[in-house]
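A.B. asks: Right, I'll just put the structure down here and ask away after.
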Amino acid sequence: MSDENEIEDVKSGPVTDKLLPTTNEHEMKNLMKELDREQAFREHKCWRQYITVLVSIGFCIFQLYATLSGHIPAQIVRASHLAFVQFLAFLLFPAKKSMPKNTLPLYDVILAFIGAGCWCYYIINFESIVRRAGAYTPLDIFVGVIGIIILFESCRRIVGLPIMIIAGAFILYAFIGKYLPGFLNHRGYKLTRVVSHLYYTTEGIMGTPIGACSTFIFLFILFGAFLEKTGIGQFFIDSCNSIAGGASGGPAKVAVLSSALLGTVSGSSVSNTVGSGSFTIPMMKRLGYRGEFAGGVEAAASTGGQLMPPIMGAAAFLMAESVGVPYITVVKAAIIPALLYFAGIFITVHLEAHKQGLKGLPKEEIPKFLPLFLSRGYMILPLAVIIYFLCSGKTATYSALMGILSIIVISIAVSFVDVAKGKRPRFNLDDLVEVLCAAARGIISVAIACGLAGIIIGIVTLTGLGLKLGAGLVALAHGKLFVTLLLTMVSSIILGMGAPTTANYLITSTITATAIVRCVYGAGSPTPEQLLPAHMFAFYFGIIADVTPPVALAAIAGAAIAKAKPMRTAVNATKLAIGAFIVPYMFIYNPEMLMIGANAVSIITITITALIGMFAISAGLEGYAFAHTGFLNNTAAGERTKTIFSVFERICFIAAGLCCIDPDSKTDIAGIAVLVVLIAAQLIRRRRAAVTA
C-alpha cells in the first residue's frame, strides 16, 4: 500500500485529520497536544507568560519548603497544593482543546481565582473549622459546593470525562441511595453532610491520594522534569542503539530497550511513544518492518515504561500509599512482571526479524558505547542515587529529594566544566525555570485525578459502598475468582480508554480491587502485602488500555508516525503486549511472582520458567520460532502453505508457554516438555529445508 493510502487510513480512524503522519519536530509536538490532554496547555506570551512562570516557581518552592520543613499541618499542605493546582489549571488549559493556545479569556481568570480562593478559604479558616468540630456554617457549605464544582470543571478540561462522570454518579448516589433497591440501598445524606465530608475532612478530596500527590509524587515529577532537561532521553536511545542497533532487527530492539528506560522520565504513554518513536519508528521502517508492526512495537514498549521499576508511573506511588506498604515493596513486586512484559516484546521483535530476514543498522550508524558512556554516563548517577536510597530503606520522599539534589550538584559541576572550556553551560537559570514550570504543569492532572478519586473514596467510606460493590461483583461472578478477574480486567480497560493511568488506577482500585480481595480472602482481613496483587492487577490493566482497541491512544500516536493503519497498529501493539494480559492472572493465583513470601530459589525458578514461557507464547503468536509453524510447511521462500497443522502448532506453543508461566513445578515440566518437542520438530524441518534448497 502506498504512503498516500496509509495517510488516508489514518485520517479515517478515530483521530482527527489534523494528525498527519510525520517525523517533523513541530508536528510531533502538535500530535502530542492532540492525543495527550496533559500536553494541550496554553503557551502564553508577553505579560501572561510571566504570571504563569511566577506562580509555577512559587508552587515548586512552597512544595519543597513544606517537605523539607515538616512544620506545616498536612491539611494546610494539601489545601495549598490544590489552590496552586486550581489556579494554574485555568490559566494553562483552555475549555476545549481546539481553542487558541495563545489567549486567556476573562472567564478563565475568574475561574482560576475562584478555584484557588475556595481552598484559600479553608487555609485561612483552618483553626476555626477544627475548633468547631463539625459545626459547619452556611458559608462553609457554599464554599465547599463551589470548590467541588470548580474541581469537576478542571477535571473535564485536563483529565477527561470518565472519572468525572463516575465521581458525579457517586455523589448522586449519596443523595438518592435511600430510594435504590437491594444492596445499593442506604439511609441517604443531606447536602451539608455530603459537602462537609468531601471538602473539609481527610476522608474526601483531601484524603490519601492528595496526601501522596502533595508530597513524594510531586518530588518524583520534579525529579523527572530535571532528568528530561539534562537530555537523558537521548542518552538512553543512543546507549540502546550502541548495544542492540547492529543486531537482527536492531531498531525494534532499540525501541523496546529505550522505551523501558524512558518510562523513568515520562509518565505518559503517548509522550513516550512520540518522544522515542520519532527516532525509532522511521529506522524500523527503513530496515523493512511493516508500518503497523513498527508503530505497535513503539506503542507497546512505551506504554510498558510505566511498569518498569525503579520509578514507575504516579499510580505506583498511590498504590503504595493505598495498600500501606513501603514504595520499595511495590518496586520489588513489579520487577518480574515488568521483566516478562518487556521480554515478551523483545522476543517477538527478534522472531519477526528472523522471520522476515531483517538485518541491523550499518556499523557507521551505530554509536560506540564506551565513548558515549564516558562523555554522558554521568546522566544516570541521579537514578543510581534514588535506587540506592530506596533499597537502603529510606522513604520515597527522602529518596526523591536526594535524587533532585544529586541532579543539581551534577548540573552545576558540568556547567563549571563547560565554562572553563569556554563553552556555553549545559544547564543555566533559564533551564531551571523551565524545569520548575514543567513540574508544576506535570502535577496538575495527577492532583485533579487524586481530588476526584478522593470524592469517590469519600462516598465509599460515607455509605459503605465499597464492601457492597465488592460483594455484588463477587455475586455476579458466582464466587468464581477467574470470572471476577475477567470482569475486573474488562472494567479496568474500559475505564482506562482515554483516561490517565492515575485516574484509572484510583477508580479501579477503589471499586474492583475490593472484589478480588473478597473473592480470594472472603470476609477475612488480609495484610497489606496480601492486598498488593489485587491492586497490581488493576494497575496493569489500567495501563494497558493505552494500546487496547478501540481507543488505544499510544498505538494511534505510533500509527501516525509510522504512516500506518491505526487499528492494525493497535492490534499489533496488543499482540506484542500479550504479557500484560497474562501475567496479572498468574500473580493473583501465585503471589510469589510478586516476591511475596518467596525465597531466592523460587524467585529464580519462577523467572527462568516464565521467560521460557514468554518465548513460547511469542513464537505461537508470531507463527515462528526456528522455522515457520506447520508440519507440512516448506520454509523455502514462496513455497509455504498454511495448513491446519500450522494453527495446531501455534496453539501448542501458546499452551506450553502458559504452562511455563504458571508458577507450579508440574505445569513447568509439562510446558518445557511440549516446548522441547516443538523446537526439535522445527529444527529438523529447517535442516531438511536447507538440504532441499
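The values are calculated or read from the model by the stated rules, or taken from the named source; none is laboratory data. Model, not experiment: these values are computed from the prediction. Neighbour counts are summed over all protein chains in view; Cβ atoms, including those assigned to glycine, are modelled from backbone coordinates with ideal geometry. We work out accessible area using only protein heavy atoms, side chains counted, and drop any ligands, DNA or RNA first. Shrake-Rupley method; radii C 1.70, N 1.55, O 1.52, S 1.80 Å.
A.B. asks: Taking Rh as the Kirkwood radius computed over C-alpha pairs, what is the Stokes-Einstein D of the stretch 379-458 at 10 °C in a medium of viscosity 1.306 mPa s, expressed in µm² per second?
C.D. replies: Approximately 105 µm²/s, per Stokes-Einstein.
A.B. asks: Between 0 and 90 degrees, rounded to the nearest ten: what's the tilt of helix 396-420 against the longest Cα principal axis of the chain?
C.D. replies: Between the helix axis and the principal axis of the chain, the angle is about 80 degrees.
A.B. asks: If I take R0 = 41 Å and measure r between the Cβ atoms of F175 and N599 in this structure, what FRET efficiency does the formula 1/(1 + (r/R0)^6) give, to the nearest 0.05? If you can, show how the numbers build up before the last one.
C.D. replies: Details: r = 52 Å, r/R0 = 1.27.
Efficiency computed from Cβ-Cβ geometry: 0.20.
A.B. asks: Between (1) 26.0, 91; (2) 34.9, 107; (3) 28.2, 92, which matches Rg and Dmax of the Cα atoms in Å calculated for the structure shown?
C.D. replies: (1)
A.B. asks: Further question: Once you have the Kirkwood Rh of the stretch 429-502 from its Cα pairs, apply Stokes-Einstein at 25 °C and 0.890 mPa s and quote D in µm²/s. Write out the running numbers ahead of the final one.
C.D. replies: Details: Rh = 15.3 Å.
Once the numbers are plugged in, D ends up at 160 µm²/s.
A.B. asks: Report Rg(Cα)/(2.2 N^0.38 Å) for the stretch 45-123, keeping two decimals.
C.D. replies: For the stretch 45-123, the normalised Cα radius of gyration is 1.20.
A.B. asks: Right, another one. What do you get for the angle between helix 600-622 and the principal long axis of the chain? Use alpha-carbon atoms, 0 to 90 degrees, nearest ten.
C.D. replies: With both axes taken from Cα atoms, the answer is about 70 degrees.
A.B. asks: Under a point spin-label approximation (7 Å from Cα along Cα-to-Cβ), what is the E43-I408 distance to one decimal in nm?
C.D. replies: 2.9 nm
A.B. asks: So, taking all protein chains as they sit and a 1.4 Å probe, how much accessible area belongs to D238, in Å² rounded to tens?
C.D. replies: 30 Å²
A.B. asks: Using a 1.4 Å probe on the protein heavy atoms only, what accessible surface does S375 show? Give it in Å² to the nearest 10.
C.D. replies: Using a 1.4 Å probe on the heavy atoms, I get roughly 60 Å².
A.B. asks: May I ask you to rank C437, C659, C46 by accessible area, largest first, using a 1.4 Å probe over the protein chains only? Before the final figure, lay out the partial values.
C.D. replies: Numbers: C437 20, C659 45, C46 70 Å².
Order by accessible area, largest first: C46, C659, C437.
A.B. asks: Please determine, in degrees from 0 to 90 and to the nearest 10, the orientation of helix 269-286 with respect to the longest principal axis defined by the Cα atoms of the chain, where the helix direction is its Cα long axis.
C.D. replies: The angle comes out at about 20 degrees.
A.B. asks: Run the Debye formula on the Cα coordinates of the stretch 541-594, all scatterers equal and no solvent, and tell me log10 I(q)/I(0) at q = 0.19, 0.20, 0.26, 0.31 1/Å.
C.D. replies: Reported log10 I(q)/I(0), two decimals: -0.62, -0.66, -0.90, -1.13.
A.B. asks: 222 nm [θ] for the chain, helices only, -39500 (n - 2.57) per DSSP H run of 4+, per residue, to 500?
C.D. replies: So the calculated ellipticity at 222 nm is -23500 deg cm²/dmol.
A.B. asks: Distance between Cα centroids, the stretch 477-510 to the stretch 122-178: provide it in whole Å.
C.D. replies: So the two Cα centres are separated by 26 Å.
A.B. asks: Let me ask something else about it. Can you run the Rg to Rh ratio on the stretch 57-197? Use alpha carbon positions and the Kirkwood inverse-distance Rh.
C.D. replies: 1.02
A.B. asks: Moving to a separate point now. Dipole magnitude of the stretch 114-262 about its Cα centre, charges +1 at Lys/Arg Cβ and -1 at Asp/Glu Cβ only, in debye to the nearest 20?
C.D. replies: 480 debye
A.B. asks: Which distance in nm do the two modelled labels at F373 and V145 give, with both placed 7 Å along the Cα-to-Cβ direction?
C.D. replies: 6.5 nm
A.B. asks: Using the Cα centre of the chain as the reference point, and only Cβ charges (+1 on K/R, -1 on D/E), how large is the resulting charge dipole? Debye, rounded to the nearest 20.
C.D. replies: 260 debye
A.B. asks: Moving to a separate point now. Using a 1.4 Å probe on the protein heavy atoms only, what accessible surface does W47 show? Give it in Å² to the nearest 10.
C.D. replies: Its accessible surface works out to 150 Å², give or take rounding.
A.B. asks: If you wrap a convex hull around the C-alpha atoms of the stretch 288-425 and split its volume per residue, what is the figure in Å³?
C.D. replies: So the per-residue Cα hull volume is 163 Å³.
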